[in-house]
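Trainee: Pasting a structure here, questions to come.
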Amino acid sequence: MIDKSIIEAGNAARAADLAVDYDTLGERLDRRGIDINAIKDKIAAFGVAIPSWGVGTGGTRFARFPGPGEPRDIFDKLADCGVIQQLTRATPSVSLHIPWDIAPAEDLLSRAEEAGLTFDAMNSNTFQDHEDHPLSYKYGSLSHTDAATRSQAVDHNIECIELGEKIGSKALTIWVGDGSNFPGQSNFTRQFERYLDSARVIYDRLADDWTLLTEHKMYEPAFYSTVVQDWGTNLLIAQQLGEKAKCLVDLGHHAPNVNIEMIVARLNQFGKLGGFHFNDSKYGDDDLDAGSIDPYRLFLVFNELVEAEADPDFDPMHMLDQSHNVTDPIESLMISATEVQRAYAQALLVDRAALGGFQQENDALMATLTLKQAFRTDVEPILAMARQETGGAIDPVAAYREACYRAAVAEERPAVSGAGGGIV
Ligand code: LRH
Ligand code: MN
Ligand code: MN
């Protein structure tokens with residue numbers, strides 16, 4: 001963890017400026033009939049889960065360039081996630097990926113507690129082979145033509161639920177790479193039937209207070225067709241399985257220019273919006289930092305979420321899912337978590353009564369300006385104040401660099417070479 005005195009000293013140097021900025025913004029928002037403290041309280045209560053796999057340097061199929069102090073195992077990852085939470089107060093939980101993070105439940109629980117974290121959704125993995133799975137997933141998993149391979153994949157998902165139950169998780173996220181690489185390779189209908197049959201067995205194993213999140217993705221690793229390729233198929237799955245099954249929207253998993261915020265609205269309208277993997281994308285499943293390419297789109301997604309918040313039962317899960325190739329993953333994740341909070345804060349500023357009126361009158365210009373007014377508001381003082389008041393850092397990256405955390409862990413964690421790692 002970061003020495004508290006470093007956070008305190010950094011905050012002390014910035015507190016006076018922040019107080020002025022917060023009061024000034026408070027006055028401006030007051031003129032718009034908005035109570036800044038109410039927004040700040042909502043931001044302070046908002047959290048986004050860290051993907052355990054995000055704290056290691058990512059890579060592409062061409063190469064991976066590891067940085068110093070790469071986490072060696074799930075316990076190092078929890079330590080890194082603890083630092084992100086300590087400084088941002090925006091990331092109270094971690095989403096595990098099995099088998100990457102397999103460890104005894106009691107150890108996971110005690111290390112998470114030390115780091116001030118809880119566990120979010122469990123992620124199963126049948127998109128690669130496992131040492132202890134005799135059958136290969138090369139030709140699919142839950143939808144494989146071979147019953148024994150399907151059943152091996154189902155059992156793995158059940159093991160993920162069992163571990164999750166021991167560590168306080170309440171959801172299982174399933175993403176499969178199943179699909180085909182050639183026209184004619186697979187029968188679309190039979191393949192989807194097999195997927196549904198397997199998913200039903202997993203669903204039936206879920207406790208009543210658990211959610212099954214299925215995640216769609218257009219392509220990759222299958223390059224001709226993917227079984228769960230879009231939100232339409234995902235919605236069918238959730239509807240077929242039942243009440244506890246909902247859809248997970250990873251922002252990077254759509255065709256370019258798809259209107260993601262509208263997908264969010266549709267899924268929510270029919271009670272099937274289960275959660276998010278936040279990231280940003282320029283071309284495909286780029287796993288870029290949330291808000292780094294198109295912050296307006298992130299805002300528009302949150303605009304739909306704030307609209308949906310009127311329903312007290314609305315409670316989607318929020319997770320990041322990113323891959324960091326050229327930045328320190330801890331810094332990227334801290335900034336990304338605050339970008340997600342920023343989009344939420346901006347969306348909370350939308351004058352919904354005015355927007356509704358403009359929509360009713362078909363005043364397209366004023367309707368869109370109503371959104372822009374909220375988006376253009378610099379809400380940084382709200383985010384910084386929420387962090388300061390909850391014991392975090394006004395400037396998380398500055399505190400992190402000041403503490404030299406990366407250099408300290410690099411002393412204990414052996415250097416990793418990326419040489420020879422890529423497969424083109
Ligand atoms: C698939 C995905 C899915 C996986 C993660 C590693 O592209 O988004 O969520 O679990 O990446
Ligand atoms: Mn994802
Ligand atoms: Mn992805």
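Matching residues to (1) farther than 22 Å from residue 170 by Cα; (2) within 19 Å of the chain's Cα centre (by Cα); (3) of a type in the set (A, V, I, L, M, F, W, C):
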| position | (1), (2), (3) |
| --- | --- |
| 29 | yes, no, yes |
| 72 | yes, no, no |
| 102 | no, no, yes |
| 134 | yes, no, no |
| 140 | yes, no, no |
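Trainee: I've got another one for you. Being within 16 Å of ligand 2 (Cβ to nearest atom) and of a type in the set (S, T, N, Q) is true for just one of 257, 234, 187, 268. Which residue is that? Don't jump to the end; show me each part of the working.
Mentor: Working: 257 fails: within 16 Å of ligand 2 (Cβ to nearest atom); 187 fails: within 16 Å of ligand 2 (Cβ to nearest atom); 268 fails: within 16 Å of ligand 2 (Cβ to nearest atom).
After applying the criteria, what remains is 234.
Trainee: Listed residues 288, 298, 273, 305; which is closer than 30 Å to residue 387 by Cβ, modelled with pLDDT of 95 or more and within 16 Å of ligand 1 (Cβ to nearest atom)?
Mentor: Of the residues listed, the single one that is closer than 30 Å to residue 387 by Cβ, modelled with pLDDT of 95 or more and within 16 Å of ligand 1 (Cβ to nearest atom) is 288.
Trainee: Further question: What number of residues within segment 229-242 are in contact with a helix residue (DSSP H, G or I) (Cβ under 6 Å, 6 or more places away or on another chain) and over 14 Å from residue 201 (Cα atoms)?
Mentor: Total satisfying the criteria: 1.
Trainee: Can you say whether residue 224 is surrounded by 21 or more Cβ atoms within 10 Å (Cβ to Cβ), over 21 Å from residue 99 (Cβ atoms) and either of a type in the set (Ser, Thr, Tyr) or away from ligand 2 (no atom under 16 Å from the Cβ) (or both), as far as the supplied structure shows?
Mentor: No, not satisfied.
Trainee: Continuing with the same structure: From the set of residues in segment 230-250 that are part of a loop (DSSP other than H, G, I, E, B) and more than 16 Å from ligand 3 (Cβ to nearest atom), which is nearest to the chain's Cα centre (by Cα)? Walk me through it before giving the result.
Mentor: Residues of segment 230-250 that are part of a loop (DSSP other than H, G, I, E, B), as a first pass: 230, 242-244.
Narrowing further to those that are more than 16 Å from ligand 3 (Cβ to nearest atom): 242-244.
Details: 242: 24, 243: 22, 244: 20 Å.
Checking each candidate, the answer is 244.
Trainee: Looking only at segment 204-218, count every residue that is surrounded by fewer than 23 Cβ atoms within 10 Å (Cβ to Cβ) and either within 16 Å of ligand 2 (Cβ to nearest atom) or hydroxyl-bearing (Ser, Thr, Tyr) (or both) and tell me the total.
Mentor: Within segment 204-218, residues that are surrounded by fewer than 23 Cβ atoms within 10 Å (Cβ to Cβ) and either within 16 Å of ligand 2 (Cβ to nearest atom) or hydroxyl-bearing (Ser, Thr, Tyr) (or both) number 3.
Residue-wise test of (1) over 18 Å from residue 80 (Cα atoms); (2) among the basic types (Lys, Arg).
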residue: 381; (1), (2): yes, no
residue: 396; (1), (2): no, no
residue: 400; (1), (2): no, no
residue: 406; (1), (2): no, yes
residue: 417; (1), (2): yes, no
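Trainee: Where the second residue is of a type in the set (Lys, Arg) and in a helix (DSSP H, G or I) and the first is touching a residue at least 40 places away in the same chain (Cβ under 8 Å) and lies in segment 347-364, which pairs have Cβ atoms under 8 Å and are six or more apart or on separate chains?
Mentor: 348/42
Trainee: Is it the case that some residue within segment 283-297 is within 16 Å of ligand 3 (Cβ to nearest atom) and under 30 Å from residue 209 (Cβ atoms)?
Mentor: yes
Trainee: Yes or no: residue 284 outside any helix (DSSP H, G or I) and either farther than 18 Å from residue 251 by Cβ or out of contact with any Lys or Arg (no Cβ under 7 Å at 6 or more places or on another chain) (or both)?
Mentor: yes
Trainee: Of everything in segment 88-127 that's touching a Leu at 6+ places or on another chain (Cβ under 9 Å), without any contact (Cβ under 8 Å) to a residue 60 or more places away in the chain and of a type in the set (Asp, Glu), which residue is farthest from residue 228 (Cα to Cα)?
Mentor: Filtering segment 88-127 for residues that are touching a Leu at 6+ places or on another chain (Cβ under 9 Å), without any contact (Cβ under 8 Å) to a residue 60 or more places away in the chain and of a type in the set (Asp, Glu), the one farthest from residue 228 (Cα to Cα) comes out as 114.
Trainee: With crowded, with 17+ Cβ neighbours inside 10 Å and within 16 Å of ligand 2 (Cβ to nearest atom) as the only criterion, which of 290, 245 stands out?
Mentor: One residue alone meets the criteria, 290.
Trainee: OK, next. Restricting to segment 162-198, name every residue that is more than 16 Å from ligand 1 (Cβ to nearest atom) and either among the β-branched types (Val, Ile, Thr) or on the phi > 0 side of the Ramachandran plot (or both).
Mentor: Of everything in segment 162-198, those that are more than 16 Å from ligand 1 (Cβ to nearest atom) and either among the β-branched types (Val, Ile, Thr) or on the phi > 0 side of the Ramachandran plot (or both) turn out to be 167, 168, 184, 189.
Trainee: A follow-up question, please. Which residue, of 331, 361, is of a type in the set (Asp, Glu), buried (at least 16 other Cβ atoms within 10 Å of the Cβ) and modelled with pLDDT of 95 or more?
Mentor: The match here is 331.
Trainee: Next question. Looking at (1) in contact (Cβ under 8 Å) with a residue 12 or more places away in the chain; (2) within 16 Å of ligand 1 (Cβ to nearest atom), can you tell me which one residue 135 breaks?
Mentor: Condition (2) is where residue 135 drops out.
Trainee: Still on this structure, please answer the following. Might you check whether a residue that is touching a residue at least 60 places away in the same chain (Cβ under 8 Å), assigned to a helix (DSSP H, G or I) and either within 28 Å of residue 420 (Cα to Cα) or in contact with a Leu (Cβ under 9 Å, 6 or more places away or on another chain) (or both) occurs anywhere in segment 3-21?
Mentor: Yes, there is a match, as at least one residue in segment 3-21 is touching a residue at least 60 places away in the same chain (Cβ under 8 Å), assigned to a helix (DSSP H, G or I) and either within 28 Å of residue 420 (Cα to Cα) or in contact with a Leu (Cβ under 9 Å, 6 or more places away or on another chain) (or both).
Trainee: Taking segment 271-282 on its own, how many of its residues are under 20 Å from residue 172 (Cα atoms) and either within 12 Å of ligand 2 (Cβ to nearest atom) or crowded, with 24+ Cβ neighbours inside 10 Å (or both)?
Mentor: Here is the first cut: in segment 271-282, the ones under 20 Å from residue 172 (Cα atoms) are 271-279.
Filter once more, so that each one left must be either within 12 Å of ligand 2 (Cβ to nearest atom) or crowded, with 24+ Cβ neighbours inside 10 Å (or both): 273-279.
Residues flagged as under 20 Å from residue 172 (Cα atoms) and either within 12 Å of ligand 2 (Cβ to nearest atom) or crowded, with 24+ Cβ neighbours inside 10 Å (or both) within segment 271-282 amount to 7.
The values are calculated or read from the model by the stated rules, or taken from the named source; none is laboratory data. Because the structure is a prediction, the values reported are computed rather than measured. Here Cβ is always computed from backbone atoms with ideal geometry, including for glycine, and neighbour counts include all displayed protein chains.
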